[in-house]
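J.: Take a look at the following structure, please.
The values are calculated or read from the model by the stated rules, or taken from the named source; none is laboratory data. Predicted model only: the values in this text are computed from it and were never measured. Virtual Cβ from ideal backbone geometry, glycine too; neighbours counted across all protein chains shown. When the accessible area is computed, the model is the full protein with side chains, heavy atoms only, and any ligands, DNA or RNA have been set aside. Shrake-Rupley method; radii C 1.70, N 1.55, O 1.52, S 1.80 Å.
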Amino acid sequence: MRAFHRPAVALGVLTALNVLNYLDRFMGAGLLPVIIAAPPVGLGLRDSQAGALQSVFIIVFALVSPLIGSLGDRHSRLRMAAAGVAIWSAATFASGLAGGFATLLLARAVVGIGEASYGVVTPSIISDLYPAERRGRMLAIFYAAIPVGTALGYMLGGQIGADHGWRAAFFVAGAPGLLLTFALLTLKEPQRGRFDPPRKEAAPLGLRHAATALARRRSYLFNTGAQTLYTFAMGGLATWMPTYFVRERHIPLQQATFIFGALLVVAGFLGTIIGGQAGDRLARRFPGAHFVFSGWALIVSLPFSAMAVLSPQPAIFWPAMFVTLFLLFLNTGPLNAAMANVLPADLRARGFAFYTLSIHLLGDAASPLLIGVASDKVGLQAPVLACGVLLPIAGIVLLIGRRALVADLRSAS
């Protein structure tokens, strides 16, 4: 029996590869203290250069995403995803061969091309595997790979980097993807929109017309705006928090990456799964609940993120970091489900592509570099704290957009 006829198998393959996706993406963050170090251990980078390594990846990722989304609405999404896995894995392996800052920057840019080819089309595939009332939970499982993969990137990066150097860590991270690419080719492309209500007209194919169709769904704009603020903050924190604990709290690299990674994988996994379950249940009773639930979770995170950054006591900052991560990941499933549920099937890949362009180009493409530049002048604490303040602002945007979500869901049904 082909995997398409067993949605759980397809979801499992896509989720496993998404773990590897985020492992490769954040391996560099776990390795930053080693890469920044003076030769021969590292490359002797300034903080601004170190931040640029993540920013260039995100910029390329964001700029490529609309093209991938357009192709994904017309051609085989699974083949595009398989090509993406092969590209990002080869580029991650090549990162270990970099002779200096410029070549490492180029390798991380190519990683962005591969990960865009995978990340843009996979939510659309999952949306065609499950009906709307189950999408939040299934997307939450898929996106649970974010904390798991990110944590593994930190842990493996810190451990391998400290013991064997940063080049060996990239070699270890890149090799599995080259082997697992073929797993995607065992799946069969699901029929587009098979769980969606019939539509009289197909979604427009032109870029301008597609953008106009997306803009008419006001909840899509609120969702994208809130997640852009959220991603700016999360991207900066994800890149710099391990270095922050090493530099400002004087915790050894292996210990900092292991503890932070352990907190991330537990809090992020629980938050993502619980958020997907709770969001779907609330949405069946209260239209617009996906926005309200996520909005309040982001608002409540502020005091905990402040304690995680400002407190010098491990007994305070580690538990506060756990609660912060849990609250942040609660919104992953609900917000992606809210977006999928208001977009027609033949516009969905492009909708996620434009959303991806916005949250990354205006979000975490800028924050790692800006934090690095600010750190060169005033240290890490102030710019890291500023990221935490943006999270409740994103929550307020979602609360304002609740009525728009209710109206768009009514139109979609």
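J.: Compute the Rg to Rh ratio over the range 369-413 from the alpha carbon atoms, using the Kirkwood formula for Rh, and round to two decimal places.
T.: The Rg/Rh ratio comes out at 1.35.
J.: State the Cα centre-to-centre distance between the range 355-413 and the range 6-41 in whole Å.
T.: Cα centroid of the range 355-413 versus Cα centroid of the range 6-41: 22 Å apart.
J.: Mind checking the alpha-carbon convex hull of the range 120-245 and giving the volume per residue in Å³?
T.: In the range 120-245, the Cα hull volume divided by residue count equals 168 Å³.
J.: Among Phe232, Gly288, Leu180, whose Cα lies farthest out toward the positive end of the dipole of the range 173-295, if unit charges sit on the beta carbon of Lys, Arg (+1) and Asp, Glu (-1)?
T.: Towards the positive end, the residue furthest out is Gly288.
J.: Taking the alpha-carbon set of the range 1-144, what are its Rg and Dmax in Å?
T.: When restricted to the Cα atoms of the range 1-144, Rg and Dmax are 17.1, 55 Å.
J.: Sticking with this structure for a sec: Inverting the mean 1/r over all pairs of different Cα atoms, compute the Kirkwood radius of the range 74-167 and quote it in Å. Working shown, then result.
T.: Values: mean 1/r = 0.0660 Å⁻¹.
Taking the inverse mean of 1/r over all distinct Cα pairs, the range 74-167 comes out at 15.2 Å.
J.: To check my understanding: the extent here is largest minus smallest coordinate of the Cα atoms along each principal axis. What are those three numbers for the range 211-270, in Å, largest first?
T.: 51, 24, 13
J.: Can you check what the net charge comes to around Leu214, using other residues whose Cβ is under 14 Å from the Cβ of Leu214 (Lys, Arg +1; Asp, Glu -1)?
T.: +3
J.: Based on the alpha carbon coordinates of the range 334-413, what radius of gyration and maximum Cα-Cα distance (Dmax) apply, in Å?
T.: In Å, with Rg to one decimal and Dmax whole: 16.7, 53.
J.: Tell me, what ³J(HN,Hα) does each residue in the range 232-249 have, in order and in whole Hz, if you take phi through Karplus 6.51 cos²θ - 1.76 cosθ + 1.60 with θ = phi - 60° and put x for Gly and Pro?
T.: 3J(HN,Hα) across the range 232-249, in whole Hz: 4, 5, 5, x, x, 5, 4, 6, 10, 4, x, 5, 4, 5, 5, 7, 8, 9.
J.: So how many Å³ per residue does the convex hull of the Cα atoms of the range 255-362 work out to?
T.: Output value, Cα hull per residue: 120 Å³.
J.: Can you pull the percent of the range 288-358's accessible area that's carbon plus sulfur, 1.4 Å probe, other chains left in place?
T.: Working: 1580 of 1900 Å².
The computed percentage sits at 83.
J.: Give the separation of the Cα centroids, the range 306-350 to the range 211-226, in Å.
T.: 20 Å
J.: Related question: Considering just Cα atoms, how many Å³ per residue does the convex hull of the range 49-97 enclose?
T.: Roughly 63 Å³ of hull volume per residue.
J.: With a 1.4 Å probe and all protein chains kept in place, how do Leu97, Leu347 rank by accessible area, largest first?
T.: Numbers: Leu97 120, Leu347 0 Å².
The ranking, largest first, comes out as Leu97, Leu347.
J.: Determine the gain in length on full extension of the stretch Ala183-Arg216; use 0.36 nm per residue of separation and subtract their C-alpha separation, reporting nm with one decimal.
T.: The Ala183-Arg216 span can extend by a further 8.1 nm.
J.: I would also like to ask the following. Heavy-atom accessible area of Val397 with all protein chains present, probe 1.4 Å, nearest 10 Å²?
T.: Spelled out: Val397, probe radius 1.4 Å, area about 40 Å².
J.: Could you work out the mean projected area of the convex hull around the alpha carbons of the range 310-375, in square nanometres to one decimal?
T.: So the mean shadow area of the Cα hull is 6.0 nm².
J.: Restricting everything to alpha-carbon atoms, can you work out Rg to Rh for the chain with a Kirkwood hydrodynamic radius?
T.: My calculation puts Rg/Rh at 0.96.
J.: The range 12-92: percent of C-alpha pairs farther apart than 20 Å?
T.: The share of Cα pairs beyond 20 Å in the range 12-92 comes to 46 percent.
J.: How far is it, in nm, from the label point at Arg74 to the one at Phe195 when both lie 7 Å from their Cα along the line to the Cβ?
T.: Taking the simple label geometry, Arg74 and Phe195 are separated by 2.8 nm.
J.: Would you tell me the accessible area of Ser48, worked out with a 1.4 angstrom probe on the heavy atoms of the protein chains, in Å² to the nearest 10?
T.: Its accessible surface works out to 20 Å², give or take rounding.
J.: Continuing with this model, one more query. With every protein chain present, what is the per residue accessible area of the range 350-392 (1.4 Å probe, Å²)? Please report the intermediate quantities before stating the final value.
T.: Working: 1470 Å² over 43 residues.
I get 34 Å² per residue for the range 350-392.
J.: Computed from the mean reciprocal separation of all distinct C-alpha pairs, what Kirkwood hydrodynamic radius does the range 1-51 have, in Å?
T.: On the way: mean 1/r = 0.0744 Å⁻¹.
For the range 1-51, the Kirkwood estimate is 13.4 Å.
J.: So what does the Cα-only Debye profile of the range 102-141 read at q = 0.35 Å⁻¹, as log10 I(q)/I(0), no solvent term?
T.: -1.05
J.: Binning at 10 angstrom from zero up to the longest distance, how are the C-alpha pair distances of the range 135-198 distributed in percent?
T.: Binned Cα distances yield the sequence 17, 30, 30, 16, 6, 1.
J.: A follow-up question, please. Given DSSP loops and a limit of at most 15 other Cβ atoms within 10 Å, what is the longest stretch of the chain that contains no such trypsin sites (Lys or Arg not before Pro)?
T.: Details: sites that count: Arg2, Arg46, Arg74, Lys188, Arg194, Arg199, Lys200, Arg216, Arg249.
Longest stretch, sites excluded: 250-413.
J.: Report, in deg cm²/dmol and to the nearest 500, the calculated mean residue ellipticity at 222 nm for the chain, where each DSSP H run with n ≥ 4 adds -39500 (n - 2.57) and the sum is divided by the residue count.
T.: It comes out at -27000 deg cm²/dmol, rounded to the nearest 500.
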